[in-house]
1. Checking residue B:138 against (1) assigned to a loop (DSSP other than H, G, I, E, B); (2) more than 20 Å from residue A:90 (Cα to Cα), which single condition isn't satisfied?
2. Tell me which residues, restricted to segment B:184-211, are more than 26 Å from residue B:250 (Cα to Cα) and touching a Gly at 6+ places or on another chain (Cβ under 7 Å).
3. Name the residue, out of A:70, A:95, A:84, that is hydrophobic (A, V, I, L, M, F, W, C), within 14 Å of chain B (Cβ to nearest Cβ) and in a strand (DSSP E or B).
4. Sort out which residues of segment B:120-171 are closer than 18 Å to residue B:219 by Cβ and over 23 Å from the mean Cα position of the chain (by Cα), and write them in order of number.
5. Filter segment A:1-38 for residues that are surrounded by 15 or more Cβ atoms within 10 Å (Cβ to Cβ) and among the hydroxyl-bearing types (Ser, Thr, Tyr); which is nearest to the other protein chains (Cβ to nearest Cβ)?
6. Suppose we filter A:81, A:62, A:90 for residues that are within 13 Å of the chain's Cα centre (by Cα) and either open to solvent by less than 50 Å² (accessible area, probe 1.4 Å) or of a type outside the set (Lys, Arg) (or both); which single one remains?
7. Sort out which residues of segment A:212-233 are in contact with a Lys or Arg (Cβ under 8 Å, 6 or more places away or on another chain) and open to solvent by less than 30 Å² (accessible area, probe 1.4 Å), and write them in order of number.
8. So, of the residues in segment B:98-124 that are acidic (Asp, Glu) and part of a loop (DSSP other than H, G, I, E, B), which turns out to be surrounded by the most Cβ atoms within 10 Å (Cβ to Cβ)?
There are 2 protein chains.
Amino acid sequence: VTARARRVRLELAYDGTDFRGWQLQPGQRTVQGVVEEVLAGLHGGRRVVLCGASRTDSGVHAHGQVADCLVELRQTDSDLAYGLRRLLPADVRPLGVRTTDDDFHARKHALGKVYRYRIDCTPHGDPFHRRFALHHPAALDEGRMRAALSLLPGRHDWRGFVPGLPPGTDAVRRLTCAELDLEVSGEIGLVFGGEGFLRYMVRNLVGTLIEIGRGSMPVERVGELLERPEPGRTGPTAPAKGLHLLRVDYA
Amino acid sequence: VTARARRVRLELAYDGTDFRGWQLQPGQRTVQGVVEEVLAGLHGGRRVVLCGASRTDSGVHAHGQVADCLVELRQTDSDLAYGLRRLLPADVRPLGVRTTDDDFHARKHALGKVYRYRIDCTPHGDPFHRRFALHHPAALDEGRMRAALSLLPGRHDWRGFVPGLPPGTDAVRRLTCAELDLEVSGEIGLVFGGEGFLRYMVRNLVGTLIEIGRGSMPVERVGELLERPEPGRTGPTAPAKGLHLLRVDYA
């Protein structure tokens, strides 16, 4: 006897270090692949398709990724959460499981996402944060970085920060917040909130902000890139390991 | 031309996960072994003996281990620190290097050490702390743990917490502090400060405190173990991965 199908909303946290990103890829360890495998195990081997709000890249971490799937199980949500805690590996953890509207779509219904990029500025590099933060031992001018960040919020065409977009791609997105915090001692955190993000957009913003903080690019560069996108004028793409998806917001 | 020998005091932080502890062991990756190898490289291959204040066990972490060695280098302390930052792997980092008295002895001159044990009490287990904290999802009664901790400070014979000590071993040590903190959300931290510690003493204290917090041992058990050491009455030895040497104090 199988149970009636119901749509479930999963909240997940993962250490992205040992995953080739979110999205299913044959022969690769991905977050979607690992979670789908456990869900299939609970369904007698039948595939359960998991849709994630953000297709995080290889090495990117998540503290509150949201995904949905149809389950046909008689277990309650809390029993399913318990089962997933037992069956999933230690680097991807279910934070919450709850039955939701049948038409809930984790990606399409997301109103916004918040990312945080961590930069370890200690001279030595904190060994406890090395999987989760970029080590940048040279001095960064926080004032210059904050000045550049203040130019970012708003509705802009971001193609200057995302080189190589196919022609015709809509690169307009609204960024709602771009801030620098010093929450962790010895670290600079860069927080970006917005309705949607293009692939590599946050990491290219961070790479550019680091150049600005080092003094090797002018603060005005970010404004110029928003006005006139020209290739080769951003900083390098910052490494994935410093990028954390903090949360996904819904109505 | 070699420089005059001088004694140097090193402060080190390390993620103990991928080390077989501090102490040199042939064929094993140990912290002492890795740092000595880099120091030997700077001395044309001649061994430089490194003496650490605490011989941390396999898997134990350090935020402020102190070690001393004799160097024969013309580099200044800050140049040596810079060289060590470049040459040491990312999981063992030099926090400071400074020339000290010729008779300084990191282990014998240590007046006290502070350890912290981290217990992740979230139901799911935080994926970002899994290398650095014991995951204990069942409820722990902080009041009972605090009551037991309050019995610990003072000069005691700790053989009840360290089964199998060779006869005649002096197991008397002064514990100066034993406290519970909730600094990290979802975690219990247990902090122990003292003049000296026996091997496994902190981890056996933690294992016993966890049993007391779960309600499966009485609070009074710690007092009984200090009064009448009888084998088999402690909790299990807590895993190494939750244990952190925070600092070593000197005059």
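1. Evaluating residue B:138 over (1) assigned to a loop (DSSP other than H, G, I, E, B); (2) more than 20 Å from residue A:90 (Cα to Cα) leaves (2) as the failure.
2. Of everything in segment B:184-211, those that are more than 26 Å from residue B:250 (Cα to Cα) and touching a Gly at 6+ places or on another chain (Cβ under 7 Å) turn out to be B:207, B:208, B:210, B:211.
3. It is A:95.
4. B:138, B:139, B:140, B:141, B:142, B:143, B:144, B:147
5. A:14
6. Details: A:81 fails: within 13 Å of the chain's Cα centre (by Cα); A:90 fails: within 13 Å of the chain's Cα centre (by Cα).
Going through A:81, A:62, A:90 in turn, just one is within 13 Å of the chain's Cα centre (by Cα) and either open to solvent by less than 50 Å² (accessible area, probe 1.4 Å) or of a type outside the set (Lys, Arg) (or both): A:62.
7. Quick first cut of segment A:212-233, residues in contact with a Lys or Arg (Cβ under 8 Å, 6 or more places away or on another chain) only: A:212-213, A:215, A:219, A:221, A:224-225, A:229, A:233.
Matches in segment A:212-233: A:212, A:213, A:219, A:225.
8. Filtering segment B:98-124 for residues acidic (Asp, Glu) gives B:101-103, B:120.
Next, from what is left, pick out any that are part of a loop (DSSP other than H, G, I, E, B): B:101-103.
Details: B:101: 11, B:102: 9, B:103: 8.
Result: B:101.
The values are calculated or read from the model by the stated rules, or taken from the named source; none is laboratory data. Just so we're clear, the structure is a prediction, and the values are computed from it rather than from any experiment. FYI the Cβ positions are ideal-geometry reconstructions off the backbone, even for glycines, and counts take in every protein chain you see. Accessible surface is based on the protein model in full, side chains and every heavy atom, while ligands, DNA and RNA are left aside. Shrake-Rupley method; radii C 1.70, N 1.55, O 1.52, S 1.80 Å.
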